[in-house]
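A.B. asks: Got a structure here, written out as structure tokens. Questions coming.
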Amino acid sequence: MALVGAQGNEDEKMILSLPKERGWGKAPYFYFFQNFWCPSISLQGVHNFQKYFQAKDNDVFVASFPKSGTTWLKALTFAIINCQHFESLVNHPLLTSNPHELVPFLEFSLVGDVDEKIVKLSHMTEPRNFATHLPFPSLPTSIKESNIRIIYICRNPFDTFVSGWHFFSIFMSESSHKITIEEAFERFCNGVIGFGPWWSHVLGYWKESITRPNKVLFLKYEDLKEDISFHVKRIADFLGCPFIEEEKGMMESIIKLCSFDKMKDLEVNKFGHHLKIIENKHFFRKGEIGDWVNHFSPSMIEKLSKIIEEKLSGSGLSFKTQSSS
Ligand code: A3P
């Protein structure tokens, strides 16, 4: 990795001493760093994010475990924060830009000329809207110590795994880091997945949302699917910009704009690319609760159910795995 100077050598030595596993998807390896499995391709960005990012109190972060509905939550958050600027929605940026362009992941973007990027971030229009997959304990100190608001989304681990399997298989077909779904499942069950273990990630934000409910809003994909109006109201209230009665129409328009069918059908999401790495269409697959039933064998169901029951026991946290409609 490209860490430079004396400190860079120390960091490199530290990285070489970390436990390492073969990666899947885009990353050749995962390193066990600060108690999570960091994809090798993200180490530099994570390091820069932790070291250089300065939070501002009115920042809004979307945080998530990968493949949990991040794209949807980014779109909703961006639209809610900016609803005064784009009242008609006719020229809305979400019609021509993928949510990942509008709400960047800082651990992926803070690479290359970091000094210049950090200066640019400091001059951005406020409130700034960013995203991260980092587990709560690994967030930069300035985020943990400031009053910024974090909206976290997670999803039942069965659908998260299946969604990840499809997504990371796209990269596997063009790289040598190929594994079967059975191997990927074993690794997921051992916690070895980018930014995992899944349960530690979810529990970290869950605990923080209980301790500091004004700082972390904890959402589940399944709940948004079941009652999006209720949750869009919750997000707007949490962000301190509640929809008043006269803005009900605006709220409904935002919900429609960010819906799976609408977003999937936009030109930018059908034909555009994100960071020259991936076609935007891959961020929109099925968008359903319960697709995992088409991929799990009875033994896989038994194994993951047992692990999740044990890991989440006593936390008060549970997940729906089937749609109730
Ligand atoms: P599936 O692979 O199960 O279809 P992330 O955004 O964190 O990468 O999560 C991706 C999952 O969210 C994918 O699930 C994707 O289809 C779904 N998704 C993307 N946009 C959505 C939207 N607007 N509404 C609901 N689900 C969405």
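A.B. asks: So residue 70 ticks every box in (1) under 30 Å from residue 229 (Cβ atoms); (2) surrounded by fewer than 23 Cβ atoms within 10 Å (Cβ to Cβ); (3) among the hydroxyl-bearing types (Ser, Thr, Tyr) but one. Which box is left unticked?
C.D. replies: All conditions are met except number (2).
A.B. asks: Just to check your reading of the model, which residue among 89, 95 is surrounded by fewer than 17 Cβ atoms within 10 Å (Cβ to Cβ), within 15 Å of the ligand (Cβ to nearest atom) and either within 20 Å of the chain's Cα centre (by Cα) or touching a residue at least 24 places away in the same chain (Cβ under 8 Å) (or both)?
C.D. replies: Values: 89 fails: within 15 Å of the ligand (Cβ to nearest atom).
Exactly one of 89, 95 is surrounded by fewer than 17 Cβ atoms within 10 Å (Cβ to Cβ), within 15 Å of the ligand (Cβ to nearest atom) and either within 20 Å of the chain's Cα centre (by Cα) or touching a residue at least 24 places away in the same chain (Cβ under 8 Å) (or both), namely 95.
A.B. asks: Inside the stretch 203-226, can you point out the residues that are assigned to a helix (DSSP H, G or I) and within 13 Å of the ligand (Cβ to nearest atom)? Spell out how you get there, then give the answer.
C.D. replies: At the first step, the residues of the stretch 203-226 found to be assigned to a helix (DSSP H, G or I) are 203-211, 221-226.
Across the stretch 203-226, the qualifying residues are 221, 222, 223, 224, 225, 226.
A.B. asks: Kindly indicate whether residue 229 is within 16 Å of the ligand (Cβ to nearest atom), surrounded by fewer than 20 Cβ atoms within 10 Å (Cβ to Cβ) and either modelled with pLDDT of 95 or more or not hydrophobic (A, V, I, L, M, F, W, C) (or both). Write out each step before concluding.
C.D. replies: Working: within 16 Å of the ligand (Cβ to nearest atom): yes; surrounded by fewer than 20 Cβ atoms within 10 Å (Cβ to Cβ): yes; either modelled with pLDDT of 95 or more or not hydrophobic (A, V, I, L, M, F, W, C) (or both): yes.
Spelling it out, residue 229 is indeed within 16 Å of the ligand (Cβ to nearest atom), surrounded by fewer than 20 Cβ atoms within 10 Å (Cβ to Cβ) and either modelled with pLDDT of 95 or more or not hydrophobic (A, V, I, L, M, F, W, C) (or both).
A.B. asks: Has the stretch 70-88 got at least one residue that is small (Gly, Ala, Ser), modelled with pLDDT of 95 or more and either in contact with a Gly (Cβ under 9 Å, 6 or more places away or on another chain) or under 13 Å from residue 105 (Cβ atoms) (or both)? Write out each step before concluding.
C.D. replies: As a first pass, look at the stretch 70-88 and keep what is small (Gly, Ala, Ser): 75, 79, 88.
Of the ones still in play, those that are also modelled with pLDDT of 95 or more are 75, 79.
Checking which are either in contact with a Gly (Cβ under 9 Å, 6 or more places away or on another chain) or under 13 Å from residue 105 (Cβ atoms) (or both) leaves us with none.
No: the stretch 70-88 contains no residue that is small (Gly, Ala, Ser), modelled with pLDDT of 95 or more and either in contact with a Gly (Cβ under 9 Å, 6 or more places away or on another chain) or under 13 Å from residue 105 (Cβ atoms) (or both).
A.B. asks: All but one of (1) more than 14 Å from the ligand (Cβ to nearest atom); (2) of a type in the set (Gly, Ala, Ser); (3) within 16 Å of the chain's Cα centre (by Cα); (4) over 20 Å from residue 151 (Cα atoms) hold for residue 191; which doesn't?
C.D. replies: The number of the failed condition is (3).
A.B. asks: Against the condition within 16 Å of the ligand (Cβ to nearest atom), part of a loop (DSSP other than H, G, I, E, B) and in contact with a Ser or Thr (Cβ under 7 Å, 6 or more places away or on another chain), how does residue 27 come out, does it pass? Walk me through it before giving the result.
C.D. replies: Working: within 16 Å of the ligand (Cβ to nearest atom): yes; part of a loop (DSSP other than H, G, I, E, B): yes; in contact with a Ser or Thr (Cβ under 7 Å, 6 or more places away or on another chain): yes.
Taking the combined requirement at face value, the residue satisfies it.
A.B. asks: Is at least one residue of the stretch 147-157 in a helix (DSSP H, G or I) and surrounded by fewer than 22 Cβ atoms within 10 Å (Cβ to Cβ)? It would help to see each step written out before you state the result.
C.D. replies: Within the stretch 147-157, the first condition is being in a helix (DSSP H, G or I), and the residues that meet it are 157.
Imposing the further condition that a residue be surrounded by fewer than 22 Cβ atoms within 10 Å (Cβ to Cβ) reduces the set to none.
There is no residue in the stretch 147-157 that is in a helix (DSSP H, G or I) and surrounded by fewer than 22 Cβ atoms within 10 Å (Cβ to Cβ).
A.B. asks: Quick check, is residue 67 closer than 27 Å to residue 188 by Cα, in contact with an Asp or Glu (Cβ under 9 Å, 6 or more places away or on another chain) and within 16 Å of the ligand (Cβ to nearest atom)?
C.D. replies: On the way: closer than 27 Å to residue 188 by Cα: yes; in contact with an Asp or Glu (Cβ under 9 Å, 6 or more places away or on another chain): yes; within 16 Å of the ligand (Cβ to nearest atom): yes.
Answer is yes for this residue.
A.B. asks: Just to confirm my filter: which helices (runs of 4 or more DSSP H) fall fully inside the stretch 248-304 and include at least 3 residues that are modelled with pLDDT under 95 and more than 20 Å from the chain's Cα centre (by Cα)? First the steps, then the outcome.
C.D. replies: On the way: elements: 248-257, 260-265, 267-271.
Filter on the stretch 248-304 gives 248-257.
The values are calculated or read from the model by the stated rules, or taken from the named source; none is laboratory data. Here the structure is a predicted model, which means the values were calculated and not measured. In this analysis, Cβ positions are derived from the backbone assuming ideal geometry, glycine residues included, and neighbour counts consider all displayed protein chains.
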